[in-house]
1. Net charge near Arg58: determine it from the other residues with C-beta under 11 Å of the C-beta of Arg58, scoring Lys and Arg +1 and Asp and Glu -1.
2. What's the longest bit of the chain with no exposed GluC sites (Glu not before Pro), using DSSP loop states and at most 14 other Cβ atoms within 10 Å as the test?
3. Shape of the chain from its Cα gyration tensor (a ≥ b ≥ c, root eigenvalues): rounded if a/c is under 1.5, otherwise prolate when a/b > b/c, or oblate?
4. Which of the listed residues, Thr170, Gln84, Ala69, is farthest toward the dipole's positive end in the chain, when Lys, Arg count +1 and Asp, Glu count -1 at the beta-carbon?
5. Subtract the Cα-Cα distance of Val143 and Gln172 from 0.36 nm times their separation in residues, and report this length gain in nm to one decimal.
6. Tell me which of Trp216, Gly57, Val110 sits at the most positive position along the dipole axis of the chain, charges placed on C-beta atoms (Lys, Arg +1; Asp, Glu -1).
7. Excluding residues fewer than 8 places away in the same chain, name every one of the aspartates and glutamates whose C-alpha is closer than 19 Å to that of Lys175.
8. Mind checking region 107-215 for trypsin sites (Lys or Arg not before Pro) that DSSP puts in a loop (not H, G, I, E or B) and that have at most 14 other Cβ atoms within 10 Å?
Amino acid sequence: MGQKEKNCSPDAERAGDCWDHTAIDPESRLIVSLVVGKRTAESTRALVQDFRARTGGRVMRLMTSDEHAPYEDAIRTAYGRLVQPPPTGRPGRPRSPYVEVPPEVTYATVNKERESNKVVRVTPRVIFGTGLAVVLALIASKVSRTINTCFMERHNGTDRNRCSRKIRKTYQFSKDWATHRAATEFSYFSYNFCWTVRTLRIRDENKRWHERTPRWRPG
């Protein structure tokens, strides 16, 4: 934003690359949380904390992401429980409290290996939870049988087409931080409430199709 990341000074907070940190529900395509800013640990923690608050603290069947390192710590902080080790009765300093991730939290990452700008290998890795929990979550899923980030990537392509500021290699890129953030938030809001997704449409008893947005609810 304003100028290329490689041309920015190290302390430039409102210039260079600006990321949409996003949490999506793959079944409804609903964008649950959005944090616009630098790709930092702080932005990642803000996203996960916001997602947890918007979902009432409920633990999802399965959470997935790319291998951006701060996600692991952000999920541990948001969903973990503080454990106070019991006294051992022995002399010496007592053990310090630590954060433990509950066994019901299931989180996996996707590593993509590229050659000549093409993905040649995709390797999933379970970070929290068990392999069995991942399998059960995928069996219960209505939209996928593999660990992936394809729904988020598909949405990124949709958002670039809807918001010309994010089209790559163009002169339409944002020059002002506040304007870019406002345009991004409006684009995501209109996507949730106004954009009809082809794969979400349903057929009634008269065999007529009805379009639905990600935020659509019956009734």
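1. Summing Lys/Arg as +1 and Asp/Glu as -1 gives +2.
2. Counting at most 14 other Cβ atoms within 10 Å as exposed, the longest clean stretch of the chain is 105-204.
3. Oblate shape, in that a/c is at least 1.5 and b/c is the bigger or equal ratio.
4. The Cα lying farthest towards the positive end belongs to Thr170.
5. Computed gain between Val143 and Gln172 is 7.0 nm.
6. Value computed over the given set: Trp216.
7. Leaving aside aspartates and glutamates fewer than 8 places away in the same chain, those within reach of Lys175 are Glu5, Asp11, Glu13, Asp17, Asp20, Asp159, Glu185.
8. Lys142, Arg145, Arg168, Lys169, Lys175, Arg201, Lys207, Arg208
Bear in mind that the values in this text are calculations on the coordinates, not laboratory data. Every value quoted in this text rests on a predicted model; they were computed, and no experiment measured them. All Cβ positions, even for glycine, are placed from backbone atoms using ideal geometry, and neighbour counts span all protein chains on display.
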